[in-house]
Structure formats: structure tokens, C-alpha cells
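Structure, as C-alpha cells:
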Amino acid sequence: MGKHFGWLALLAGFALAAATLPAPARAAPDLPPGVRLVDGYIPRFDQKKRMDARYGYQLDELRKQILKRGEAGEYLPCSSQILDEADWLIGSTKDEARIERRLKDLRESLAQPAQQQHAAGEQSPQDGSWGGCYEAWFLRMWASADPLKELVAQGRKPAHPLGFMKEVDSPQKIVERFRRLTTSRVLEDGIDNRKELNLTVTGLGQLLFLPSLAGLFPPDWPRGPVAAALIEYMDREWQDPKTGYWGAWYQVGDQLIKTEDLSMTFHIASYRDGKIERLPELIRTTFRTRERAYPYGWQDRGSQNCHHAYDVVRLVRFGWPHMSELQKAFARAQIAIILARTVRLSINTVGEVDTRPYNRVAEAYYFCTSLLDDIGYFRRSRNFWSNLEFDNADELREKMLDQIKGLPNDDPMIEAARRKLEQRD
């Protein structure tokens, strides 16, 4: 007989008190000008600070408009895509001309009626990708994974061949792409590859590793050899043997700095269904980085973020069989805190999800649903970490489903969230 979980509000108070601020950046006299270190090893480039100061407030105002209209039920795929791309350009490049053009495109898209944006959420007959308002290939590839998963879940196939995958249609091509993206030289070329690397892992990890998507490729497309080459690169060249983590590398002067990236590690582990090496090291690193700012740790400016917490819980799930009893006790306490914060701070009493940490309303509902599902809040069969029973789970499930009814079902993330909420033991 499980114990009931009626003390969430009290535990949430302790969780709030436990939040810590990220360590202040400090000068590194042995590094070239233009870069500082956080926590002694995470590079922070002056370029990003300048770009955020110049464009960040504009992006935030446009994001608020998209979220407000999304909460009212409008489906704005083109605006959301341009927002994503502008966000990447501002955070990862110094290409001011391109940023100005994309911000102009974003404002113009918001002046259009929502129905004129629907084509951006459909498959392109030209190259078979989704994301018609993205310009960068990696963003269109990444945007194609969720719609393709939804088609497969519905027993359907895409209307057009996946021509966009020709960019990685051999073991050589995919390894060369990842080798190029893994190491950034921001002080030399002004480009931080971290986000492109992460979204490339996210998109290709699903398209190449998920068994359910194998049928999307024609028989002559070398999915097996390409996936094997990527795994070989991940495990033999990229994964840190001491930490078990993957992350972006930075060439700064004569130093090569290798970061521990929670998001990248989650995506690789998740799409390979936990079949990765060095899980004990990975778990130790996950616990050690709890107080660091995301993506190098769990924290998001002291606020609750379902996306980041979902990454943590999924990694703990994979590592559970390799953990000591002391580690499991620590994990149970942390998951309880995450759960308390989620139902207290991320979701209100009528089932609405806080959308502020996200670019799209659909992301907010998908990640909070996925987090609660992975914890086993809605389904006892998913609860890998405790014998607890959750008194209000069914009530919250129904409230969230009611909220989703008012959101655009054209977005594949909304459909994925709905499907997870409707699953029962």
C-alpha cells in the first residue's frame, strides 16, 4: 500500500528556499580578452552580452506577443519559427544584418492573420521538411522530428520524401558535421555552435535512433550505417569518460574547454533509450551539477522549468539500476522537490501551465506533461523511484486536458501532450 502525497505545498516552500543563484562570472587572467569563466570552467563571451543588450528586449517583447496569442488559441507556426531563429542568431552569432532582417520578418509575420501562417506548419514538397519559415537547415530538420513522430503514432506516412536528409546520408557526412559543430571558436569567427549542436542532436537523434521512425526511410537510405557512425563518434570521441556527459567544446586561445551539458546528454541518452556507456559517471555528474545554471546544471534563474527538470528525471531513470542506496535516497528527495515545485509553481489550480520560460504555449504543456508522466504522477507503472500515491493526479490530468482543448491542435507538441495525458495503466 503506497503512501499518500498530501504535503506538496509544504515541500514546495522548502524547494523555493533551496534555490541558489548561479556563481558570479570572474575574470580569467590566463584567457584572451573577450571571455570569462563561470564556475571556473564555463566560458561566457562578451559578444553574447553585447548582443543580448542590443536585441534581447526586442525579442522578449515579440515573444510575449506570440505567447499571448497562443494562449488565446491562435496557431502561429511562422512567427514561432522566426522567433526561434532570431533567438539562436542573437545568442550564438554576431550577424547583426541577419538578426535585423529576421526581427523585421517576425514583426511582419505577427501582422498577418493566423490562418495565413498554417503553411509553415506543413510539410514542404520541395525537400520534405517542416518549418517553412526557418532559413537554417538544422532548424528545419529539427522541426521535422515531432510532426513525423505524430504521423507514425497515427499510422500515417509523410506525403513527400525526406529529401532534407541528404545532408547526412552517409557515415562520413554525419561524422564530419558533428566534428565541425562540437568545437566552437567564438573569439575567432563569432559563432557559438552550442545551440546548433544541441538541436542537431535532438533532431537526428530521433530520426536515426528511434525504432518507430525506421519505416520513414526508403530501403536504400543507409539509416543503420549512419546511426552506427554517429554512435561511434558519440561514444569514442565526444563523451567525456570521467563525467559520462556530452557537451559543447570551446577553443579559447591555446585551451580546449569541454563543457558538461545536461540538455545534450539528456537527448543522447533518451533517444538511445538509456543504452549508453558510463552511466555511473553520468549520475554522479548530474547530482554534482544541481546548483549550476542550465544547460550546465538544473537551475533556471531560480524558477521552475519543466523542460530542464524533465531532463534530470529522465537521466535519473536511466541511471537508477546503477545507483547506490545513498544516491537513490538523494534522488528521491530531489524528485519530490521537483514534483512539488511543478504542481505548485508551473501549473495553477485550473490546470494552466506557466508559459513564460518557453517560446511557444505548446512547449509549456508538452514539457510539464512529459515531466509528470516520467515521474509517474499520472501512471503508477511509470513511478520508478517511490511507492507514493498522488491524491490529486486524476483531477490535475482532467484540468490540463480541459486547457489543451482550447489550444491549437495543429501543433504536434499539443497532440503529443494530449496523448500522454490520456494514457492510463
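The values are calculated or read from the model by the stated rules, or taken from the named source; none is laboratory data. None of the values given here were measured: they were computed from a predicted structure. Cβ sites come from the backbone with ideal geometry, for glycine too, and all protein chains shown count toward neighbours.
Quick check on my filter: what residues within region 264-311 are acidic (Asp, Glu), farther than 20 Å from residue 209 by Cβ and modelled with pLDDT of 95 or more?
As a first pass, look at region 264-311 and keep what is acidic (Asp, Glu): 273, 277, 281, 291, 300, 311.
Then drop every residue that is not farther than 20 Å from residue 209 by Cβ, which leaves 281, 291, 300.
Result: 281, single match.
Right, residue 249: out of contact with any Gly (no Cβ under 6 Å at 6 or more places or on another chain) and within 20 Å of residue 148 (Cβ to Cβ) or not? Before the answer, list the steps.
Working: out of contact with any Gly (no Cβ under 6 Å at 6 or more places or on another chain): yes; within 20 Å of residue 148 (Cβ to Cβ): no.
Considered against the rule, which asks whether it is out of contact with any Gly (no Cβ under 6 Å at 6 or more places or on another chain) and within 20 Å of residue 148 (Cβ to Cβ), residue 249 comes out as no.
Regarding residue 350, is this residue of a type in the set (Val, Ile, Thr) and crowded, with 19+ Cβ neighbours inside 10 Å? Give the derivation first.
On the way: of a type in the set (Val, Ile, Thr): yes; crowded, with 19+ Cβ neighbours inside 10 Å: no.
The answer is no for residue 350.
Counting just the residues of region 181-192 that are of a type in the set (A, V, I, L, M) and touching a residue at least 60 places away in the same chain (Cβ under 8 Å), which one comes out surrounded by the fewest Cβ atoms within 10 Å (Cβ to Cβ)?
Filtering region 181-192 down to residues of a type in the set (A, V, I, L, M) leaves 181, 186-187, 191.
In the following step, the residues that additionally are touching a residue at least 60 places away in the same chain (Cβ under 8 Å) were identified as 186-187, 191.
Details: 186: 23, 187: 19, 191: 15.
Checking each candidate, the answer is 191.
So which residues in region 260-289 are of a type outside the set (Gly, Ala, Ser) and under 17 Å from the mean Cα position of the chain (by Cα)? Before you say what the answer is, go through the steps one by one.
Step one: list which residues in region 260-289 are of a type outside the set (Gly, Ala, Ser), which gives 260-262, 264-268, 271-273, 275-289.
Hits for region 260-289 are 260, 261, 262, 264, 265, 266, 267, 268, 271, 272, 273, 286.
Among the numbered criteria (1) assigned to a helix (DSSP H, G or I); (2) within 15 Å of residue 122 (Cα to Cα), which single criterion is violated by residue 156?
If we test residue 156 against (1) assigned to a helix (DSSP H, G or I); (2) within 15 Å of residue 122 (Cα to Cα), just (1) comes out false.
Residue-wise test of (1) surrounded by 15 or more Cβ atoms within 10 Å (Cβ to Cβ); (2) in contact with a His (Cβ under 6 Å, 6 or more places away or on another chain).
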| site | (1), (2) |
| --- | --- |
| 162 | yes, no |
| 166 | no, no |
| 175 | yes, no |
| 179 | no, no |
| 194 | yes, no |
| 197 | yes, no |
| 202 | yes, yes |
| 206 | yes, no |
| 210 | yes, no |
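Residue check, residue 345 against (1) hydrophobic (A, V, I, L, M, F, W, C); (2) surrounded by 19 or more Cβ atoms within 10 Å (Cβ to Cβ); (3) over 19 Å from residue 270 (Cβ atoms), all met but one. Which one?
Failed condition: (2).
Can you tell me how many residues in region 356-399 are out of contact with any Phe, Trp or Tyr (no Cβ under 6 Å at 6 or more places or on another chain), farther than 26 Å from residue 56 by Cα and among the hydroxyl-bearing types (Ser, Thr, Tyr)?
3
If residue 368 satisfies all but one of (1) within 23 Å of residue 82 (Cα to Cα); (2) of a type outside the set (Lys, Arg); (3) outside any loop (DSSP other than H, G, I, E, B); (4) touching a residue at least 60 places away in the same chain (Cβ under 8 Å), what's the number of the condition it fails?
Looking at each condition in turn, residue 368 falls short on (1).
Report whether or not residue 253 is surrounded by 20 or more Cβ atoms within 10 Å (Cβ to Cβ), under 26 Å from residue 295 (Cα atoms) and of a type outside the set (Val, Ile, Thr).
Details: surrounded by 20 or more Cβ atoms within 10 Å (Cβ to Cβ): no; under 26 Å from residue 295 (Cα atoms): yes; of a type outside the set (Val, Ile, Thr): yes.
The answer is no for residue 253.
Within region 15-41, restricting attention to residues that are among the hydrophobic types (A, V, I, L, M, F, W, C) and at pLDDT 90 or above, which residue is surrounded by the most Cβ atoms within 10 Å (Cβ to Cβ)? First the steps, then the outcome.
First pass over region 15-41, keeping only residues among the hydrophobic types (A, V, I, L, M, F, W, C): 15-19, 21, 23, 25, 27-28, 31, 35, 37-38.
From what is left, the residues that are at pLDDT 90 or above are 35, 37.
On the way: 35: 21, 37: 18.
Among those that are among the hydrophobic types (A, V, I, L, M, F, W, C) and at pLDDT 90 or above, it is 35.
Which one is nearest to residue 326 (Cα to Cα) among residues in region 358-384 that are surrounded by fewer than 18 Cβ atoms within 10 Å (Cβ to Cβ) and not polar (S, T, N, Q)? Before the answer, list the steps.
So in region 358-384, the residues surrounded by fewer than 18 Cβ atoms within 10 Å (Cβ to Cβ) come out as 379-382, 384.
Still in the list and also not polar (S, T, N, Q): 379-380, 382, 384.
Numbers: 379: 26, 380: 23, 382: 22, 384: 16 Å.
Looking at the filtered set, the residue picked out is 384.
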